[in-house]
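As structure tokens, the structure follows; a few thoughts come after it.
The values are calculated or read from the model by the stated rules, or taken from the named source; none is laboratory data. Quantities reported herein were computed from a predicted structural model and do not represent experimental measurements. All Cβ positions, glycine included, derive from the backbone under ideal geometry; neighbour counts span all protein chains shown. Each accessible area value is taken on the protein alone, full model and side chains, heavy atoms only, with ligands, DNA and RNA left out. Shrake-Rupley method; radii C 1.70, N 1.55, O 1.52, S 1.80 Å.
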Amino acid sequence: MRKEKILVIGASGQIGVELTLALRKLYGENQVVAADLREQNPLLQGTGPYVSLDVMNKEMLHVQIIRQNITQVYLLAAILSATGEKNPSLAWNLNMQGLLNVLDIAREEKLSKVFWPSSIAVFGPSSPRINCPQQTVIEPTTVYGISKYAGEFWCNYYWNRFGVDVRSIRYPGLISYKSEPGGGTTDYAVEIYREALSKKKYTCFLKEDTYLPMMYMPDAIRATLELMEASASSIKFRTSYNVSAMSFSPREVCASIQQHIPAFEMKVVPDYRQQIADSWPQSIDDQAARSDWGWKEEYNLDMMTTDMLKNLPH
Ligand code: NAD
Ligand code: AKB
């Protein structure tokens, strides 16, 4: 069996930092190269190799992959939903061209596996709102969602046409305390914990009763590693898998925080992100991920709240 050498592109982002650290634990620190447009990240400093890299520069990306003997790529560099609506062409270019660059090089260099995340943002207002199925009507209305939907079918195409073993998860909104989120509609669910601790009050940009699918970062990292370790024959969907853990509203996360900080107060001033949230399902059916590769979440809202408040700086 060849020893894997992994490149994580977008390693300084919300998911990238934690995924890089988890992969280094599994494969060894020198086997996982962190790469990002940003120069170094304090949370990754001293934990293994780090390179500055622009995924849009295909030639330089190709050189790095050959020079570092890379066998697997995790591609996390992207523009998320809220930032994407402010700059649609930037979001489309990065989200599409970055993926095509990686898939092309993976085919040429016969990489063993590629991971690329999709999102619940693929779904639009015409998809079922409750327990949204794996396969259903998919008509996204954000540029981010359109790029994720197109990306899913590029992954499927490279698998069917060229045998590139690319795997994907439609992550829900992710909540974490290590690295801050980068321009999504679900970011309120991280900000609320930070501001509960620092100010005991928070102004939410979504209405109190806006339910969205969410997941705590340790579950998301485990889901990713489990999908990537599953046998190729168990992966039935080469577009992307629905995965689900919990669904809650700002009102519910506020109440969960108030169990620890009774003085905490939330105000609501909805902005342009409300419309994005309203176009997404409230909850997700992930039976396929459960039966194909054994997915099961560990954290619910109250367990996550306890852990977030314990680990965030006070
Ligand atoms: P993030 O914005 O926190 O991180 C993205 C990283 O990519 C940043 O560090 C950024 O500097 C880097 N980057 C941007 N342009 C680059 C380029 N040209 N070359 C190299 N690096 C570049 O994003 P995230 O939240 O960690 O998301 C990672 C992936 O997961 C994205 O594809 C996103 O769509 C997907 N996803 C995230 C969530 C979530 O809640 N965080 C949910 C669903 C899907
Ligand atoms: C966002 O809100 O854009 C992301 C996502 C659900 O893809 N967190």
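With kT/(6 pi eta Rh) evaluated at 4 °C and eta = 1.567 mPa s, and Rh the Kirkwood radius from Cα pairs, segment 199-256 diffuses with a coefficient of 92 µm²/s according to Stokes-Einstein. The residue list 215, 276, 232 was ranked by how far each Cα lies along the charge dipole of the chain toward its positive end, using unit charges on Cβ atoms, and 232 comes out on top.
If the chain linking residue 251 and residue 25 were pulled fully straight, counting 0.36 nm for each residue of separation and taking away their Cα-Cα distance, it would gain 77.7 nm. With the convex hull of the Cα atoms taken as the outline of segment 191-288, the averaged projected area works out to 7.6 nm². The stretch between residue 230 and residue 3, if pulled fully straight at 0.36 nm per residue, gains 80.0 nm over its current Cα-Cα span.
Extending 7 Å from the Cα toward the beta-carbon at both residue 126 and residue 66 defines two label points whose distance is 4.5 nm. Can you send over the carbon and sulfur percentage of the accessible area for the chain, probe radius 1.4 Å, protein chains only? Within the chain, the accessible surface is 50 percent carbon and sulfur.
Take the chain with all the other protein chains still there, run a 1.4 Å probe, and you get 43 Å² of accessible area per residue.
For the options 284, 15, 138, a Gaussian network treatment of the chain with springs between C-alpha atoms closer than 10 Å singles out 138 as fluctuating the most.
Each label point was placed 7 Å from the Cα along the Cα-to-Cβ direction; for residue 141 and residue 38 their separation is 3.2 nm.
As an exercise, use a Förster radius of 41 Å and the Cβ-Cβ distance of residue 267 and residue 90 to find the FRET efficiency, rounded to the nearest 0.05. After rounding to 0.05, the efficiency reads 0.85. Ordered by solvent-accessible area of protein heavy atoms (1.4 Å probe), largest first, the residues 285, 36 come out as 285, 36. Using every pair of separate Cα atoms, the Kirkwood estimate puts the hydrodynamic radius of segment 28-161 at 16.2 angstrom. Legend: residues 62, 314, 260, sorted from most to least accessible area (1.4 Å probe; ligands, DNA and RNA excluded), read 314, 260, 62.
The Cα-based radius of gyration of the chain, divided by its Kirkwood radius, gives an Rg/Rh of 0.95.
Computed from Cα positions, the angle between helix 88-108 and the longest principal axis of the chain comes to roughly 40 degrees. Remark: the residue 290-residue 97 segment gains 66.4 nm on full extension, using 0.36 nm per residue and subtracting the alpha carbon distance. Listed by chain and number, the aspartates and glutamates whose alpha-carbon sits under 12 Å from that of residue 113, ignoring those within fewer than 8 places in the same chain, are 4, 165, 229.
Averaging Cα coordinates gives a centre for segment 236-314 and one for segment 157-226; these two points are 8 Å apart. In loop segments of segment 224-314 as defined by DSSP, the GluC sites (Glu not before Pro) with at most 13 further C-beta atoms inside 10 Å of their C-beta are 298.
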